[in-house]
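The values are calculated or read from the model by the stated rules, or taken from the named source; none is laboratory data. All figures in this text were calculated on a predicted structure; none of them were measured in a lab. FYI the Cβ positions are ideal-geometry reconstructions off the backbone, even for glycines, and counts take in every protein chain you see.
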Amino acid sequence: MSYHLEIGESIEKGIKRIAHEQLDSAIDELTDDKLDPHDVVHQVRKRCKKLRGLLRLVRLSLADGVYDGENACYRDAARQLSYARDAQSLIETHDSLVSRYDDQLQSDVFASIRKKLVRHRVRVTEDEVGLQHRLDEFYEKMCEAKTRVDNWKIEGKGFDSVAPGLEKTYNRGRKAMGSAYEKLSVEKFHEWRKRSKYHRYHSRLLQMIWMPLMQDRRNEAKALTDYLGEDHDLAILRKTVVDDPEEYGNKRDIQAFVAFIDRRRSQVQTQAQPLGQRLFCEPAQALSNRLRGYWDAWQYEQSLDSY
């Protein structure tokens, strides 16, 4: 399975192939009895993100209404499962934070916080009937979505089919970065993370046009979104304990915990900035023109095989 366009296939054929592969994988994961339900949730939500990234690459070349309908389908399906993933993510974020500063902490200083987070996850886990019902609904939606893929019609040929979507997504990432560092708000950094992740997917989808360079770009985009993802997870953990401090421990421990969260968030925001500056340094049209040149060279190179 390859989440990238391949030589010898039209854009429409490649986009449909990738969509089918992602949907088939999601359906397989949903019906695999060997997988833990919470692992399934994590996997299939990633499938939805990849499908939304795929749609964004050709969003302006799809027939009217197709993008809006399909994007909403995958967005809403994943959102129905978010609560199950969020409960586990809070614990993972807590553990990562404590591990990072373990030389500055007593081993059990935040034990009460973790205990309550685990208790919340257990409540979610115990609701197996409710979770399974949502997974069953998700399965039906993915099966229905699969039947629609072959009806997608993509206008234009070659790079012309992907250029508008590439430019729109990249330009939104550039603007979101500027807004994030201007406002320094949770919402603005989360928005930048989403836009950067879609550009990462686009770099992967187009990686064959110049493999070494595009893989490097994809890897740097992943590093960026990892930083921004950690920032968002820390912000959610902070809000969880601050909104209900009596539930999570004594006042002194909560204040200390929040201080460590704020310190780490400041670090990852600082580390993310030079990555973002490099990835989003050029105007969208300039990036598009450059990648078009790579595309044309890739096509010409492949034509030489016929000689």
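Going by the structure shown, is residue 111 closer than 21 Å to residue 47 by Cα, among the small types (Gly, Ala, Ser) and assigned by TED's automatic domain parsing to the domain that holds residue 49? Criteria not met by residue 111. Restricting the first residue to region 259-278 and requiring it to be within 20 Å of residue 98 (Cβ to Cβ), which pairs with a second residue that is small (Gly, Ala, Ser) meet a Cβ separation below 7 Å and a spacing of at least six or different chains? Here the result reads 265/235, each pair linking region 259-278 to a residue that is small (Gly, Ala, Ser).
Within the option set 280, 257, being aromatic (Phe, Trp, Tyr) and modelled with pLDDT of 95 or more holds for one residue only, 280.
Looking across region 22-38, just one residue is surrounded by fewer than 17 Cβ atoms within 10 Å (Cβ to Cβ) and over 18 Å from residue 132 (Cα atoms), and that is 24.
Picking from residues in region 156-188 that are among the acidic types (Asp, Glu) and within 19 Å of the chain's Cα centre (by Cα), the one that is farthest from residue 231 (Cα to Cα) is 167.
With respect to the conditions (1) crowded, with 17+ Cβ neighbours inside 10 Å; (2) free of Cβ contacts under 8 Å to residues at least 12 places away in the same chain, residue 216 lacks only one, and its number is (1). Checking the structure you have, find out if any residue of region 222-235 is more than 20 Å from the chain's Cα centre (by Cα) and in contact (Cβ under 8 Å) with a residue 12 or more places away in the chain. Within region 222-235 (the criterion being more than 20 Å from the chain's Cα centre (by Cα) and in contact (Cβ under 8 Å) with a residue 12 or more places away in the chain), the answer is no, since none of the residues qualifies.
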